[in-house]
1. With label points built 7 Å along Cα→Cβ from the Cα atoms of residue 229 and residue 283, find their separation and express it in nm.
2. Short version: ³J(HN,Hα) in whole Hz for each residue of region 24-36, in order, from phi by Karplus 6.51 cos²θ - 1.76 cosθ + 1.60 (θ = phi - 60°), x for Gly and Pro, what are they?
3. If every alpha-carbon in region 18-95 counts as one equal scatterer, what log10 I(q)/I(0) does Debye give at q = 0.12, 0.15, 0.18 1/Å?
4. Taking every pair of Cα atoms in region 92-204, average 1/r, invert it to obtain the Kirkwood radius, and report Rg/Rh to two decimals.
5. Given 0.36 nm per residue, what is the gain on full extension from residue 159 to residue 2 after removing their alpha carbon distance, in nm?
6. Taking 0.36 nm per intervening residue step and subtracting the Cα-Cα distance, what contour gain separates residue 24 from residue 195 on full extension?
7. With a Förster radius of 45 Å, plug the Cβ-Cβ distance of residue 43 and residue 170 into 1/(1 + (r/R0)^6) and report the FRET value to the nearest 0.05.
8. Could you list which residues have their amide H under 5 Å from that of residue 33, counting only those 5 or more apart in sequence or on another chain, with H placed in the peptide plane?
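Taken together, the values in this text are just the output of simple stated rules run on the coordinates, not laboratory data. Since this is a predicted model, take the numbers as computed values, not measurements. All Cβ positions, glycine included, derive from the backbone under ideal geometry; neighbour counts span all protein chains shown.
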Amino acid sequence: MTTVLVTGATGFVGRRLVPELVEQGHTVRAMTRRPEKYDGPGEAVGGDVHDPESLKAALSGVEVAVYLVHSLDDDDFEAKDAAAATAFGKAAADAGVQQIVYLGGLGADDDDLSAHLRSRREVETLLGEAGVPVTVLRAAIVVGAGGISWEMTRQLVKNLPAMVVPKWAATRTQPISITDVVRYLGGVIGREEALGRVFEIGGADRLTYIEMLQQASEIMNGRRVAVVKVPVLTPKLSSYWISFVTNVDVTTGRNLIDSMGTEVVVTDDSILELVPGEPETYAEAVRKAVAESGPKKKR
């Protein structure tokens, strides 16, 4: 099989992807800044995308590298992520890596992209500048326990009997379960027909953010949360409100909210040619996330 390096191996996606790849028979290196504390499957290796020298040993002998790193909690995340992607792409090329797999953000390529989505597009390009073919999977909101977007939803629904939301909450998106994200990531690794391509991935449903909140509330609380739309509520004010009601920090919240005024739905389903199968519905993804998040409710 293939020797695969997973960056961000202890993160929301990485900690689920590593065991899946090990199960598939790949030789997996789990890259983390603190390898001595890693207790998951695969081989723990030290590395930091913001420290280019640390990448040499981590990438040595690797055939496929999965890039799952971003800096949304940093005010200067665009510059920070650009520098990291450039360094990683060069280190991967120097090590002879044959494929980089990147989980990016879904959305049309136009001038109206938010800073978050614009940064994701830039990273796609920078990762491949040194010559390694990049396979990009673009996703909207990923639903799963521990994910920032899900934690925002879960805590809002849990903590508020009713919500005042801005007009962007009526924007459509196509949420996807973490189960399907891992399935798609695993399905493109080492695939020659995936090299240098961009794939859009999404769940079974296209929903507005209001519909997502209401479905989650119905599953968690047995009733739909009352929602009142207001015409003006800026991303900055929204982020302060979210940080007050949830434990998501202001910077991360603002960077995510900036993207929510843009419709993000799948317009090209060619991923199904490589990785067939019906994606989960939003309700199915929420039920799994609720079950996995269960112990956290007691905090």
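1. If labels sit at residue 229 and residue 283, their model points lie 2.3 nm apart.
2. 6, x, 6, 8, 10, 9, 9, 8, 8, 6, 10, x, 5
3. -0.36, -0.55, -0.78
4. Here the Rg-to-Rh quotient is 1.04.
5. 52.0 nm is the gain from fully extending residue 159 to residue 2.
6. 59.6 nm is the gain from fully extending residue 24 to residue 195.
7. 0.45
8. Those qualifying (amide H under 5 Å, at least 5 residues apart or on another chain) are 47.
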